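The values are calculated or read from the model by the stated rules, or taken from the named source; none is laboratory data. Keep in mind the model is a prediction, meaning the values are calculated, not measured. Positions of Cβ are generated from backbone atoms using ideal geometry, with glycine treated the same way; all protein chains shown enter the neighbour counts. For the accessible areas, the whole protein counts, side chains as well, though only heavy atoms, and no ligand, DNA or RNA atoms are used. Shrake-Rupley method; radii C 1.70, N 1.55, O 1.52, S 1.80 Å.
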Amino acid sequence: MIFANPTYLYLLLLLIPLIGWYIWKLRKSQASLQIPSTTVFDLPAAHSYKVYLRHVPFVLRMAAIAFLIIVLARPQSTNSWQNTSTEGIDIMMVMDVSTSMLAEDLKPNRLEASKDVAAAFINGRPNDNIGLVVFAGESFTQCPLTTDHAILLNLFKNIQCNMIADGTAIGMGLANAVSRIKDSQAISKVIILLTDGMNNRGEIAPVTAAEIAQTFGVRVYTVGVGRKGNAPYPFQTPRGIVYQDVAADIDEPTLIEIANRTGGQYFRAENNQALKSIYEEIDQLEKTKISVQEYSKKQEKYKNWALVVFALLLIEIVLRNTLLRNIP
């Protein structure tokens, strides 16, 4: 048997002072009577059964408290077997933060939609090391590989356009992610690269960065975000925000080549649901890479203990008010 909340079992230590208090109270409650002689008390006296049972209510109360603490600790039975050889998976997420990500063919815009879906992806992989690289005209690491996903998600919230020089340096973003993950000891090393444009900045070409990733055994999944054709884009003017249609210009051939060279896949997300489905598919693809066979079944057992607590309290109440009732 195991416990879901084993720390509650420390409350059993409270029984020690309760028992000590009962013994002290019992001694203090003994009456004293001064008499000239004890001869009359030398004869054996017949004791009532109540004398022997007078401590039963207290014992029942202590047992009820002990079992109640066990209920709080949530006892569980487990029946499990496993034949596992788990592989750690390290994932670097590479996200385009160029101003074109403000286009609103995805809602509320490409950047916010990408952040929301990526956050859900991170929450679904609690045991993986995950990091984040952002790029526009240049690239930097927003978060190195970590299992502290709370910090990673907080850093995700701070991502916005115009945080670095504008442009689309796909090669720099990919090369930066490779440098962060190449020394990983994980058996499976993955990069998810999301962009909505064509490489037009940076000193490293995207295909060159893909060759580097291939050298270090890094698999790259590329995601082109934005619908085909024109997309509404907000322009700030003296009169306020004005929307104009701009062409979605994604370099799909390069993204496909990056994925093919590294053993990954290319995906196109033209709306929010498609983007969500892409991350779900990547999630399943990578889970199939882990060789794990595991079975575990837990059953809650606290209900039986709760019934015991109820029965003990009921018996105590009945005894205190019938056979062992104290008369003032």
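Strictly greater than 21 Å: what percent of every Cα pair in segment 164-293 meets that?
Summing the P(r) of segment 164-293 above 21 Å gives 47 percent of all pairs.
Taking the simple approach of a point 7 Å from Cα along Cα-to-Cβ for both Arg320 and Gln185, what is their distance in nm?
In this crude label model, Arg320 to Gln185 measures out at 5.9 nm.
At a Förster radius of 41 Å, what calculated FRET efficiency corresponds to the Cβ-Cβ distance of Glu252 and Phe3, to the nearest 0.05?
0.15
Out of the total accessible area of segment 114-156 (probe 1.4 Å, heavy atoms of protein only), what percent is carbon and sulfur?
Carbon and sulfur: 51 percent of the exposed surface of segment 114-156.
Using all Cα-Cα distances in segment 104-210, what percent lands in each 5 angstrom bin from 0 up to the longest?
Result, from short to long distances: 2, 12, 21, 24, 21, 14, 5, 1 percent.
Give the calculated FRET efficiency between Asn127 and Glu211 to the nearest 0.05, with a Förster radius of 35 Å applied to their Cβ-Cβ distance.
About 0.70, to the nearest 0.05.
According to the Kirkwood expression over distinct Cα-Cα pairs, how big is the hydrodynamic radius of segment 216-264, in Å?
Kirkwood radius, segment 216-264: 13.2 Å.
Accessible area per residue, 1.4 Å probe, Å², for segment 156-203: what's the number?
Here the per-residue accessible area is 43 Å².
Rounded to the nearest 0.05, what FRET efficiency do Val56 and Gln299 give with R0 = 51 Å and r taken as the Cβ-Cβ distance? Could you check?
For R0 = 51 Å, the calculated efficiency reads 0.95.
Would you mind working out the magnitude of the charge dipole of segment 79-188 relative to its Cα centre, with +1 at each Lys and Arg C-beta and -1 at each Asp and Glu C-beta, to the nearest 20 Debye?
Charge dipole of segment 79-188: 100 debye, to the nearest 20.
At 7 Å along Cα-to-Cβ for each site, give me the label-to-label distance between Thr99 and Tyr243 in nm.
It is 1.9 nm.
Order 236-249, 181-194, 135-148 from most to least packed using the mean count of other Cβ atoms within 10 Å.
Peptide ranking by packing, descending: 181-194, 135-148, 236-249.
Just grab the label-to-label distance for Thr146 and Leu307, each label 7 Å out from Cα along the Cβ direction, in nm (one decimal).
Taking the simple label geometry, Thr146 and Leu307 are separated by 4.9 nm.
Taking segment 129-174 on its own, what percent of its Cα-Cα pair distances exceed 14 Å?
In whole percent, the share of Cα-Cα pairs in segment 129-174 beyond 14 Å is 48.
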